Amino acid sequence: MLAKRLKDLKTKTVVYNYPDYSSRYGKIIKDYLYGKIEMENDELFFLQMLDKQKDRTKIKNELMEGDTIIMNRYLHSQLAYQCASGFDYESAKKIINLSKMPVPDIVVYMDIDTETALKRKKIQKSGDLDRNEKSEDYLQKVKGMYKKLEAEKFGCKNWISINGNRDYPTIHEEIYMEVCRILKTW
């Protein structure tokens, strides 16, 4: 919805979603998430980095052209999920800092109760949840990692925390207003 509204304002907007299930890396990640294959947490961390790294040059070029880039589940998401699974937090931050991936100007964090998140995911995916989405305990750990990243403002000074427990139109409107507010200050 944010991308559509920005495009309506004649802002050239490009959206990236991760994992990118159409890429060779994303296909392996999907197989892991849906239990078709197993891998170590370290393998998954670097595979997710490769999934993003493949787009690095393209993203940098789009930014140089003045495009607005929206990245769903970018580096902060990877950090939260992988560190909740046991990947070393400080090592993950160092690797990300060394990766030379574009740094976001804004991170939007949707703070949502794990129970509400699970309920919505079950509806969204018709009950076909991946291994990360099935465990309320795991999602609670992920939420804790996001809170830690937000408190540190890791990788971005503009963190927007949105109450994700509300209805979708209210959430989307707040995201849009907050993003516009920050963009106007540049």
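Annotation: of all residues in segment 150-186 being among the hydroxyl-bearing types (Ser, Thr, Tyr) and more than 16 Å from the chain's Cα centre (by Cα), the one that is modelled with the lowest pLDDT is Thr185. When Ser99, Ser77, Ser85 are checked against the criterion of being farther than 30 Å from Arg5 by Cα and touching a Phe, Trp or Tyr at 6+ places or on another chain (Cβ under 8 Å), Ser85 stands alone in meeting it.
When residues in segment 1-32 are screened for being out of contact with any His (no Cβ under 8 Å at 6 or more places or on another chain) and assigned to a loop (DSSP other than H, G, I, E, B), 10 of them pass.
Selection of helices (runs of 4 or more DSSP H) fully inside segment 64-149 by the criterion of at least 3 residues being modelled with pLDDT of 95 or more and under 16 Å from the mean Cα position of the chain (by Cα) returns 75-84, 89-98.
So which pairs qualify, if the first residue must be in segment 1-22 and over 23 Å from Gln48 (Cβ atoms), the second must be loosely packed, with under 12 Cβ neighbours inside 10 Å and among the acidic types (Asp, Glu), the Cβ gap must be under 8 Å, and the two must be at least 6 apart or on different chains? Final answer for the pair search is Lys12/Glu65.
Of all residues in segment 150-169, those that are exposed (fewer than 13 other Cβ atoms within 10 Å of the Cβ) and either in a helix (DSSP H, G or I) or of a type outside the set (D, E, K, R) (or both) total 5. Within segment 129-169, the set of residues being without any contact (Cβ under 8 Å) to a residue 24 or more places away in the chain and closer than 15 Å to Arg73 by Cα comprises Glu133 only.
Of all residue pairs spaced 6 or more apart or on separate chains, those with beta-carbon atoms under 9 Å, a first member in segment 70-86 that is in contact (Cβ under 8 Å) with a residue 60 or more places away in the chain and more than 13 Å from Asn132 (Cα to Cα) and a second member that is among the basic types (Lys, Arg) and buried (at least 22 other Cβ atoms within 10 Å of the Cβ) are Leu75/Lys52.
Only one residue in Lys93, Lys143 is surrounded by 17 or more Cβ atoms within 10 Å (Cβ to Cβ), under 20 Å from Asp42 (Cβ atoms) and basic (Lys, Arg). Which one? Checking each option against the conditions leaves just Lys93. What is the one condition in (1) under 13 Å from the mean Cα position of the chain (by Cα); (2) within 26 Å of Pro169 (Cα to Cα) that Met49 does not satisfy? Among (1) under 13 Å from the mean Cα position of the chain (by Cα); (2) within 26 Å of Pro169 (Cα to Cα), the lone unmet condition for Met49 is (2). Across segment 35-63, the qualifying residues are those that are part of a loop (DSSP other than H, G, I, E, B) and touching a residue at least 12 places away in the same chain (Cβ under 8 Å), and the one among them that is surrounded by the fewest Cβ atoms within 10 Å (Cβ to Cβ) is Gly35. Within segment 8-34, the set of residues being surrounded by 15 or more Cβ atoms within 10 Å (Cβ to Cβ) and among the small types (Gly, Ala, Ser) comprises Ser23, Gly26.
The values are calculated or read from the model by the stated rules, or taken from the named source; none is laboratory data. Note that this is a predicted model, so its numbers are computed, not measured. Note that each Cβ is placed from the backbone with ideal geometry, even for glycine, and that neighbours are counted across all protein chains shown.
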